[in-house]
Amino acid sequence: MNAKVDDLGARLAEVKGAKLIKSFCYTCPWQCPTEVLVRDGKIVYHKGNPESPNNIGSRCAKGMASSYLPRDPDRLKYPMLRTNPKGQPGQFKRISWDEAFTFIADKLKAIREKWGPEAVAYTCHHDPNTVFFRHLLGDLYGSPNNYTHTSGCEQDRRAACLTLFGHVFPMHDFANSRYVMLWGMNNLGANQGLWESRALIEAKKKGARLVVVDPNFTETAQKANEWVPIRPGTDGAMALAMCRVIVDEDLYDRDFVTRYCEGFEGFRDHLREKGYTPAWAEGICGIGADTITRLAREFARTKPSMSAIFKGSGYYTNGADAARACYILNALCGEVDKPGNLNLKDWAPLAAPVVIPDSAKAKPGKPPLHIAMGYPLAPDLPNSRLPDAVIDGKPYPVKGLFVQSTNPVMSDPNRDRVQEMFRHLELGVAIELFMSETALECDIVLPETSFYEQAEIRNGMWLGPEVILCQPVVAPVGEAKPLYEIVKGLAAKMGWAQHFPYEKWEDWGELMMKDIPISLEELKHKGFWAGPVRYNRVPEGLATPSGKVEIRSQAYADAGFDPYPVFVQRTVIPDDEFPLQLTHSKLSMHCNIVTQNNPFLMEICGENWMEINRVDAAKYGIVDGAYAIVESPKDHIRIKAKVVEGLVPGCISVRHGHGFGHWAMGSVAKGKGAHSNNLMDTHTSPITGANCYNECKVRVRPAP
Ligand SMILES: Nc1nc2c(c(=O)[nH]1)N[C@H]1C(S)=C(S)[C@@H](COP(=O)(O)OP(=O)(O)OC[C@H]3O[C@@H](n4cnc5c(=O)[nH]c(N)nc54)[C@H](O)[C@@H]3O)O[C@H]1N2
Ligand SMILES: Nc1nc2c(c(=O)[nH]1)N[C@H]1C(S)=C(S)[C@@H](COP(=O)(O)OP(=O)(O)OC[C@H]3O[C@@H](n4cnc5c(=O)[nH]c(N)nc54)[C@H](O)[C@@H]3O)O[C@H]1N2
Ligand code: SF4
Ligand SMILES: [Mo]
């Protein structure tokens with residue numbers, strides 16, 4: 001007891017008088033603003049920024065545990081150059097930054113000379129400061145292939161939002177909603193953003209009805225008024241049938257669809273011609289026609305309401321139109337961008353951190369890969385098709401690849417093919433915190449600083465326009481550099497030093513802030529700038545080709561698809577030999593791949609597992625808590641089983657499959673849990689180019 005009191009006293013003394021620095025957390029993509037207390041170059045305490053409208057002072061366990069990052073002994077400390085041939089586990093030697101920049105610049109010049117600038121591509125996930133690389137590789141080098149990792153993430157949702165609303169990333173105004181229908185969105189598991197999750201719970205306390213459509217009885221489903229246990233990959237059928245009820249029973253908002261929607265009448269005819277009725281959908285999704293009809297009536301009659309998706313339907317090849325259909329429910333009922341709806345958030349007018357004159361800009365000679373690959377509607381690179389370009393030269397050869405803050409060997413489907421891809425590159429560069437599985441396949445590995453060691457200014461993920469600031473609070477680990485310094489060093493070797501003239505981060509920070517109502521100094525003091533939340537932007541005209549909500553999409557028609565959403569079956573259907581459908585969902589205590597080397601989080605959740613329904617478990621001899629073998633036509637994994645009641649029979653759910661089973665990364669992460677991404681083949685959405693992680697059939701048996 002006394003020891004504890006003494007510890008507390010010592011802790012308080014440490015915190016008292018420490019310097020408070022406003023920053024943000026980047027452990028997951030939701031970037032909660034924070035306050036970090038620093039003393040003698042060490043983080044002594046940190047918490048959410050109580051003034052910020054997003055997280056209002058709170059942080060999740062992942063965020064709180066994240067201050068381990070700058071102390072993690074497994075972090076990369078120096079640039080490393082490969083010393084052995086590719087195809088074997090990489091061996092590396094330490095080199096200087098100058099050698100690293102020279103090596104990369106020489107390769108970049110050689111590739112441009114021989115293959116053209118488009119033969120170099122860039123992908124990232126958590127995209128701290130990626131904007132600097134875009135100026136270097138895009139504007140100056142001339143590659144049109146600067147991408148993020150969206151095809152591994154919410155590519156279908158993004159495409160649906162762009163098509164319908166001309167908006168890339170609507171937020172969710174749960175707080176004001178009376179009826180929330182979530183399609184495979186597990187806010188209380190993968191906390192979509194603390195403030196959104198909190199707003200959802202608050203709305204529910206105030207009496208909003210929450211309906212969760214998900215094959216799994218998730219953390220969010222457990223808190224819902226109703227769980228709709230849909231069969232995997234069938235959301236499109238159910239949403240289209242709900243649309244049909246709303247149209248046939250005259251429950252739609254006539255004024256809204258007439259004034260602000262493109263193609264309502266055509267859609268009504270389309271639903272009837274295709275026979276999209278609740279009775280038809282029942283046979284596909286396993287939800288009774290009477291339930292579908294009732295949900296449609298409830299949704300249309302309760303206002304304000306919201307139908308929202310994130311990743312759930314996007315795990316399948318038919319996910320793009322499922323996403324469109326889920327969102328059209330909002331449009332039919334006139335529930336778009338009003339309080340309690342999807343919010344077509346304004347972005348803060350952040351300027352570029354560097355100014356490249358037009359005269360210095362290179363002109364790309366070829367279209368970007370996603371266009372050349374035949375995915376004109378893809379909002380980002382169909383990255384599981386990248387191996388086709390690298391290995392087979394289709395649609396054109398890619399010879400150089402930068403991967404920053406992304407670990408595609410772990411996170412993309414079909415690991416074998418992704419590893420094979422890296423072995424065919426003339427230049428593979430990983431910009432990483434750890435010697436990741438992907439870094440192991442590269443020629444050169446550059447250590448980047450973590451968000452505790454660098455600055456960044458970016459748009460925040462809140463309803464209103466918001467600028468958030470990340471400030472360096474501790475010294476870089478080893479010789480790690482922030483991306484803006486890496487770009488500057490590389491630019492100098494390429495002969496473009498004059499375009500990156502900053503000496504310190506505040507120099508580019510000032511430039512970015514020039515159109516924001518507060519100065520950089522004020523931003524440092526406050527940590528964020530938030531503008532007013534706005535609603536009702538639909539009458540102002542949207543950023544779609546027609547300016548309206550496009551229920552009918554000409555862009556789809558031009559690309560050879562039905563201009564209205566249709567339902568087709570997913571690609572991989574279980575059979576006698578592989579009778580179960582593989583599905584995935586994320587864990588509350590981890591975020592993707594970035595958290596498994598954190599000993600605190602690993603103590604709470606040290607391995608992943610697969611969930612299986614009691615009926616299937618009995619059939620295949622699977623015992624709760626024991627290990628099982630999950631086998632697909634391609635590979636198998638050994639994973640702990642959890643026998644549950646709440647999972648649709650006929651499928652299993654692997655929790656956080658891509659973030660466990662590390663064979664590299666760090667000493668804490670290595671060897672824990674199972675990695676499911678080599679079970680599946682490459683399946684890509686024909687419309688958006690999204691990776692389809694659940695297009696996979698499996699069988700299970702007890703592990704020997
Ligand atoms: N704690 C935590 N937070 C995170 C992350 C994390 O790893 N951990 N990751 C972050 C990232 S990168 C993202 S993209 C988001 C993801 O946020 P979510 O999309 O909410 O997360 P997932 O767990 O992928 O949720 C997918 C859900 O879809 C369900 N599902 C599977 N197939 C179907 C189907 O056919 N139909 C329907 N209706 N549902 C289906 C799964 O059972 C699962 O519950 O979360 C972010 N936040
Ligand atoms: N089977 C299956 N696979 C999936 C999913 C699934 O549900 N099931 N979900 C998909 C989803 S939604 C996503 S978003 C992707 C995510 O997968 P990825 O795009 O690979 O991204 P992350 O998992 O966030 O991070 C990968 C790497 O970034 C490094 N890193 C972390 N912070 C920093 C930093 O500040 N700087 C640098 N340079 N590196 C850093 C980490 O060490 C890690 O190796 O995975 C997808 N893969
Ligand atoms: S929700 Fe994400 S950004 Fe916020 S504290 Fe948790 S890990 Fe950090
Ligand atoms: Mo994601």
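For (1) modelled with pLDDT under 95; (2) in a loop (DSSP other than H, G, I, E, B); (3) within 14 Å of ligand 1 (Cβ to nearest atom), each residue gets a yes or a no:
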{"residue": "584", "(1), (2), (3)": "no, no, yes"}
{"residue": "612", "(1), (2), (3)": "no, no, yes"}
{"residue": "619", "(1), (2), (3)": "no, no, no"}
{"residue": "623", "(1), (2), (3)": "no, yes, no"}
{"residue": "628", "(1), (2), (3)": "no, no, no"}
{"residue": "638", "(1), (2), (3)": "no, no, no"}
{"residue": "641", "(1), (2), (3)": "no, no, no"}
{"residue": "654", "(1), (2), (3)": "no, no, yes"}
*For residue 30, which of the numbered conditions (1) away from ligand 1 (no atom under 12 Å from the Cβ); (2) under 18 Å from residue 171 (Cβ atoms); (3) of a type in the set (A, V, I, L, M, F, W, C) fails to hold?*
(1)
*Find the residue count for the range 72-89, including only residues that are touching a strand residue (DSSP E or B) at 6+ places or on another chain (Cβ under 9 Å) and within 15 Å of ligand 2 (Cβ to nearest atom).*
7
*Here is a list of conditions, (1) surrounded by fewer than 23 Cβ atoms within 10 Å (Cβ to Cβ); (2) within 25 Å of residue 440 (Cβ to Cβ); (3) out of contact with any Pro (no Cβ under 9 Å at 6 or more places or on another chain), and residue 681 meets all of them except one; can you say which number that is?*
(3)
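When the residues of the range 454-496 are narrowed to those that are charged (D, E, K, R) and outside the structural domain of residue 419 (by TED's automatic domain parsing), which ends up surrounded by the fewest Cβ atoms within 10 Å (Cβ to Cβ)? Break it down stepwise before answering.
Quick first cut of the range 454-496, residues charged (D, E, K, R) only: 456, 458, 466, 479, 481, 485, 488, 493.
Those still in the list that are outside the structural domain of residue 419 (by TED's automatic domain parsing) too: 456, 458, 466.
Working: 456: 26, 458: 21, 466: 24.
The selected residue is 458.
Check 183, 227 and return the single one that is at negative phi and over 17 Å from the mean Cα position of the chain (by Cα).
Values: 183 fails: over 17 Å from the mean Cα position of the chain (by Cα).
So the residue among 183, 227 that is at negative phi and over 17 Å from the mean Cα position of the chain (by Cα) is 227.
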*Would the range 210-218 turn up any residue that is within 16 Å of ligand 3 (Cβ to nearest atom), touching a residue at least 12 places away in the same chain (Cβ under 8 Å) and surrounded by fewer than 24 Cβ atoms within 10 Å (Cβ to Cβ)?*
no
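Kindly check whether there is at least one residue in the range 68-82 that is modelled with pLDDT under 95, of a type outside the set (Asp, Glu) and under 20 Å from residue 451 (Cα atoms).
No.
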*residue 228 is checked against (1) under 15 Å from residue 284 (Cβ atoms); (2) free of Cβ contacts under 8 Å to residues at least 60 places away in the same chain and fails just one. What number does that condition carry?*
(2)
*Report, by residue number, each residue of the range 547-596 that is within 16 Å of ligand 4 (Cβ to nearest atom) and at positive phi.*
592
_I'd like the full set of residues that are of a type in the set (S, T, N, Q) and within 16 Å of ligand 3 (Cβ to nearest atom), limited to the range 165-194._
186, 187, 191, 192
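Being part of a helix (DSSP H, G or I), closer than 14 Å to residue 565 by Cα and at pLDDT 95 or above is the filter here; which residues of the range 301-331 pass it? Don't jump to the end; show me each part of the working.
Residues of the range 301-331 that are part of a helix (DSSP H, G or I), as a first pass: 301, 312-315, 319-331.
Narrowing further to those that are closer than 14 Å to residue 565 by Cα: 313, 319-329, 331.
Listed by number, the residues that qualify are 319, 320, 321, 322, 323, 324, 325, 326, 327, 328, 329, 331.
Tally the residues that are part of a helix (DSSP H, G or I) and either crowded, with 21+ Cβ neighbours inside 10 Å or assigned by TED's automatic domain parsing to the domain that holds residue 163 (or both), restricting the search to the range 373-394. Spell out the reasoning first.
Of the residues in the range 373-394, the ones part of a helix (DSSP H, G or I) are 383-392.
Within this subset, residues satisfying the condition of being either crowded, with 21+ Cβ neighbours inside 10 Å or assigned by TED's automatic domain parsing to the domain that holds residue 163 (or both) are 383-387, 389-390.
Going through the range 373-394 one residue at a time, the tally reaches 7.
So if I check each of 658, 683, which one is within 13 Å of ligand 2 (Cβ to nearest atom) and at pLDDT below 95?
On the way: 683 fails: at pLDDT below 95.
Of 658, 683, the one residue that is within 13 Å of ligand 2 (Cβ to nearest atom) and at pLDDT below 95 is 658.
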*Report whether or not residue 128 is within 16 Å of ligand 1 (Cβ to nearest atom), in the same structural domain as residue 429 (by TED's automatic domain parsing), assigned to a loop (DSSP other than H, G, I, E, B) and in contact (Cβ under 8 Å) with a residue 60 or more places away in the chain.*
yes
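Of the residues 188, 194, 140, which single one is of a type in the set (A, V, I, L, M) and more than 20 Å from the chain's Cα centre (by Cα)?
Working: 188 fails: more than 20 Å from the chain's Cα centre (by Cα); 194 fails: more than 20 Å from the chain's Cα centre (by Cα).
Going through 188, 194, 140 in turn, the sole match is 140.
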_Given the criterion over 26 Å from residue 678 (Cα atoms) and not charged (D, E, K, R), identify the matching residue among 593, 612, 573, 516._
516
*Hits in the range 39-72 - residues which are touching a residue at least 60 places away in the same chain (Cβ under 8 Å), more than 25 Å from the chain's Cα centre (by Cα) and surrounded by fewer than 20 Cβ atoms within 10 Å (Cβ to Cβ)*: 41, 42, 51
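The values are calculated or read from the model by the stated rules, or taken from the named source; none is laboratory data. Note that the coordinates shown come from a computational prediction; the quantities given were computed from them, not determined experimentally. Reconstructed Cβ throughout: ideal geometry from the backbone, glycine too, with neighbour counts over all protein chains shown.
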